[in-house]
Amino acid sequence: MLAVLRLGHRVGRDVRITTHICLAARAMGADKVFLSGEKDESIIKSIGGVVKRWGGKFEVEYRKDWRSVMKSWKGKTVHLTMYGEPLNDRIGVLRKEKDLLVIVGAEKVPSEVYKNADFNVSVSGQPHSEVAALAVFLDRFFEGKELEKRFPKAKLRIVPQAHGKQIDANV
Ligand code: SAM
């Protein structure tokens, strides 16, 4: 099980970026996102619609208390932060974990997260975005295999084209 914990969601301000975290997590092999911060049914509903149409088992669960998500997680926790140890130095060890909780922040991440995470890992030492950090992390973790992942029970499927667009709606 690979789950993502999204910290500090703010209704209105973060809708687009939190939705993109969920979409990227689902597309790139994560099983679940724990959404913490302000409760936002619109995201849970819209990702639920994506799962219905595009298949797979992915889910988004709202958890007001991120501390309890971290505490009750059975495997290791890795916090993505530009202040952490380089991804290239830690990915080999992390890949051996069966259950991994990947934590991404918003504006200000509480110091407790840095202290209590098993790993603090940077995706370059430069500031960028939680979506970019998560996508690169997942790609390195799954070594590119996530791009071939199958999504059972899909109602829609892209038929890859060199040019143009084709969707198979009878899968
Ligand atoms: N000053 C913040 C911090 O504590 O890292 C930056 C906030 S940034 C807008 C939001 C989130 O993007 C961060 O909490 C982190 O999860 C992720 N992020 C941004 N740059 C990153 C990097 N270079 N490596 C890993 N994660 C990064």
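The values are calculated or read from the model by the stated rules, or taken from the named source; none is laboratory data. Since this is a predicted model, take the numbers as computed values, not measurements. For neighbour counting, all protein chains shown are included, and Cβ atoms are generated from backbone atoms with ideal geometry for every residue, glycine included. Areas reflect the complete protein model, heavy atoms only, side chains present, ligands, DNA and RNA absent. Shrake-Rupley method; radii C 1.70, N 1.55, O 1.52, S 1.80 Å.
Here's the picture: charge each Lys and Arg Cβ at +1 and each Asp and Glu Cβ at -1 in the chain, and of Gly144, Pro160, Val104 the one pushed furthest to the positive end of that dipole is Pro160.
Full extension of the chain segment joining Lys57 with Val159 gains 34.6 nm, where the gain is 0.36 nm per residue of separation less the Cα-Cα distance.
The region of the chain that goes longest without hitting one of the GluC sites (Glu not before Pro) in a DSSP loop, each with at most 13 other Cβ atoms within 10 Å, is 1-106.
Translational diffusion coefficient of the chain (Stokes-Einstein, Kirkwood radius from Cα pairs, 10 °C, 1.306 mPa s): 95 µm²/s.
Accessible surface calculations at 1.4 Å, restricted to protein heavy atoms, place region 99-171 at 66 Å² per residue. Site pair Lys74 and His128 shows an inter-label distance of 3.3 nm when each label is modelled 7 Å from Cα along Cα→Cβ. The portion of the accessible surface of region 2-168 made up by carbon and sulfur, rounded to a whole percent, is 53 (1.4 Å probe; DNA, RNA and ligands excluded). Among His128, His79, the sequence by solvent-accessible area, most first, with a 1.4 Å probe is His128, His79. His20 sits among other residues whose Cβ lies under 12 Å from its own Cβ, and their net charge, with Lys and Arg +1 and Asp and Glu -1, is +1.
For trypsin sites (Lys or Arg not before Pro), the sites in region 96-137 that DSSP calls loop and that have at most 16 other Cβ atoms within 10 Å are Lys96, Lys98, Lys108. Could you state the number of Å between the C-alpha centres of region 1-59 and region 126-171? Value for the Cα centre distance between the two parts: 15 Å. Across the chain, Cα pairs under 8 Å and at least six residues apart give a relative contact order of 28 percent.
Could you list the square roots of 5 times each eigenvalue of the Cα gyration tensor of region 87-148, that is, the equivalent ellipsoid semi-axes, sorted largest first and rounded to whole Å?
20, 15, 11
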